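Enquirer: Can you read through this structure? Questions will come right after.
Please treat every number below as a calculation from the coordinates, not as lab data. All figures in this text were calculated on a predicted structure; none of them were measured in a lab. Note that we place each Cβ from the backbone using ideal geometry, even for glycine, and neighbour counts take in every protein chain shown.
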Amino acid sequence: MRQSRQSLPLVSAEPMQVLVRRAGAVESLHAVDIAVCGADGSVLVGLGEIERPIFPRSAMKPLQAIALAEKSIGLSVQKKLTPAEYSLICASHNGQRLHVDAARHLLAKFDLSPELLVCGAHWSSDEPTAINQIRSLEVPATIHNNCSGKHAGMLVLAALLGTSPDGYAALSHPVQQSILGTLEAMTGIDLMQFPHGVDGCGAPALSGPLGNWARSFALFADSAAIPPHRAIACALLRDSIAAAPEMIAGDRRLCSALAATYGQQITAKVGAEGVYGAAFHDLGLGLMMKCRDGNRRAIEVSLGAIIHLLGYDCPLALFDYFSPQLKNWAGEIVGDIVIEGALAPAVMRQA
């Protein structure tokens, strides 16, 4: 049994403090609220305001995909989704060729046109990928959107529900109602009592207490705590992301590095505005964390601290994410980003 590196539960009203240091002096500080829960809602780690409503943004994509995974069980060989396709449906991808080709293939499998995607178009946020796109494209298309896999999955869900794809991103559409019902079952709350709006990709943006989102990932991790058909769907998504880690994000991305490193042990997903969610499958635990100022660099360092706290080893491949160093344009080390206090995973750089 994996052992945590500190005694749990660990609960404090103070959030995790992430320090950005230059020449040893604190230049910036980020506050991160963190909840790690069991499937019964028990809090193993609670730092900061774990009852504060947050928008999980894209961190909830694996949870959104459960509705489709449940409907896809038992599809014919011709229609059966591949691990790469399930992983892509959960992705915020770079828009690399492999992501775009997989999204096109998934839509074609169900006789769906990329023109149905309403996620909007943008250049990749990954600089090398963006440079390649600019060299080969006049303008990006919706298929290049980092959420095109999620939206393709929503269109497939519409087909499996036997409903029209028109308006599939609206909260009132059967696709979104199916996803909403699943999310409410996983969080254990009526999500409509909390603020909800529209995400950057045009799909519904839901909010709820940090701790409830952590519980939903615990249920994702603990197959004994959910109905058998849902447990099968969650395991299918877990195994697919582990089998196709490059599809969940892409090159130079932490989500893919985590999936490649930990496989079926950890399913983790980033969200915009400094959010991360994770399921620790061998522990039956779920995580949700939110950087109060929306900073991504702080949330990645915080995630590394929690993974280390829960007893996982962090290989060299993850050091640049979890224990980053600040460098100037000449490549010289001029600072670092660290966790303040007892949770600082100092052994990472020494390993």
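Enquirer: Could you identify which residue out of LEU316, LEU116, LEU206 has the top mean-square fluctuation in a GNM of the chain using Cα springs shorter than 10 Å?
Expert: LEU316
Enquirer: Express in % the proportion of alpha carbon pairs of region 98-167 at distances exceeding 13 Å.
Expert: Values: 1520 of 2415 pairs.
Summing the P(r) of region 98-167 above 13 Å gives 63 percent of all pairs.
Enquirer: Right, another one. First select every other residue whose beta carbon is under 11 angstrom from the beta carbon of LYS109; then total the charges, Lys and Arg +1, Asp and Glu -1.
Expert: Numbers: positive: LYS79, LYS80, ARG104; negative: GLU85, ASP111.
Result for the local shell: +1.
Enquirer: I want the local charge near LEU287. Using Cβ-Cβ distances under 12 Å, sum +1 for each Lys or Arg and -1 for each Asp or Glu among the other residues.
Expert: +2
Enquirer: Sticking with this structure for a sec: Which of the peptides 277-288, 131-142 is most tightly packed, and how do the rest follow, going by the mean number of other Cβ atoms within 10 Å of each residue? Don't skip to the answer; put the middle values down first.
Expert: Numbers: 277-288: 25.1, 131-142: 13.4.
The packing order, highest mean first, is 277-288, 131-142.
Enquirer: Kindly work out what percent of the DSSP beta bridges joining two residues of region 10-350 are antiparallel, to the nearest 5.
Expert: Working: 43 of 46 bridges.
Restricted to region 10-350, the bridges split so that about 95 percent are antiparallel.
Enquirer: Now, a different point. Give, to the nearest whole percent, the P(r) tail of region 10-350 beyond 29 angstrom, counting all Cα pairs.
Expert: Values: 20722 of 57970 pairs.
Roughly 36 percent, rounded to a whole number.
Enquirer: Here is a follow-up. Let's see if you can work this out: charge +1 on each Lys and Arg Cβ, -1 on each Asp and Glu Cβ, no other charges. What is the dipole magnitude of region 140-245 about its Cα centre, in debye to the nearest 20? Before the final figure, lay out the partial values.
Expert: Details: 4 positive and 6 negative charges, 30 e Å.
Charge dipole of region 140-245: 140 debye, to the nearest 20.
Enquirer: To continue, here is another question. Full extension from ARG2 to ARG22: what is 0.36 nm times the residue separation minus their Cα-Cα distance, to one decimal in nm? Spell out each step's value before the answer.
Expert: On the way: separation 20, 0.36 × 20 = 7.20 nm, distance 3.56 nm.
3.6 nm is the gain from fully extending ARG2 to ARG22.
Enquirer: Please list, by residue number, every one of the chymotrypsin sites (Phe, Trp or Tyr not before Pro) in region 310-342 that is coil in DSSP and has at most 11 other beta-carbon atoms within 10 Å. It would help to have the intermediate numbers written out before the result.
Expert: Numbers: sites: TYR312, PHE319, TYR321, PHE322, TRP329; in loops: TYR312, TRP329.
Hits after loop and neighbour filter: TRP329.
Enquirer: On to the next question. Run the count for region 10-350, please: Lys pairs, Cα-Cα under 15 angstrom, 8 or more apart or on different chains.
Expert: Working: LYS61/LYS150; LYS61/LYS269; LYS71/LYS79; LYS71/LYS80; LYS79/LYS109; LYS80/LYS109; LYS150/LYS269; LYS269/LYS290.
Value for region 10-350: 8.
Enquirer: Relative contact order of region 10-350, please, whole-number percent, based on alpha carbon pairs below 8 angstrom and at least 6 residues apart. It would help to have the intermediate numbers written out before the result.
Expert: Numbers: 731 pairs, mean separation 81.3, N = 341.
In percent, rounded to a whole number, it is 24.
Enquirer: Net charge near ILE248, counting Lys/Arg +1 and Asp/Glu -1 over other residues with Cβ under 10 Å of its Cβ?
Expert: Values: positive: LYS61, ARG253, LYS269; negative: GLU246.
Around ILE248, the surrounding residues sum to +2.
Enquirer: What is the mean projected area of the alpha carbon convex hull for region 171-280, to one decimal in square nanometres?
Expert: Computing the convex hull of the Cα atoms and averaging its projections yields 7.3 nm².
Enquirer: What size of dipole, in debye to the nearest 20, comes out for the chain about its Cα centre when the only charges are +1 on Lys and Arg C-beta atoms and -1 on Asp and Glu C-beta atoms? Provide the component values of the computation, followed by the final result.
Expert: Values: 27 positive and 31 negative charges, 78 e Å.
Its charge dipole is roughly 380 debye.
Enquirer: Could you give the nm distance between label points at ALA225 and PHE194, where each point is 7 Å from its Cα heading toward the beta carbon?
Expert: Modelled inter-label distance: 1.6 nm.
Enquirer: Can you find, among ILE34, MET247, ALA170, the residue sitting farthest towards the positive end of the charge dipole of region 10-350, where Lys and Arg contribute +1 and Asp and Glu -1 at Cβ?
Expert: Value computed over the given set: MET247.
Enquirer: Check the chain for me: any Cys whose beta-carbon has no other cysteine beta-carbon within less than 4.7 Å?
Expert: CYS37, CYS90, CYS234, CYS255, CYS291, CYS314 - these cysteines have no disulfide-compatible partner (Cβ-Cβ under 4.7 Å) in the chain.
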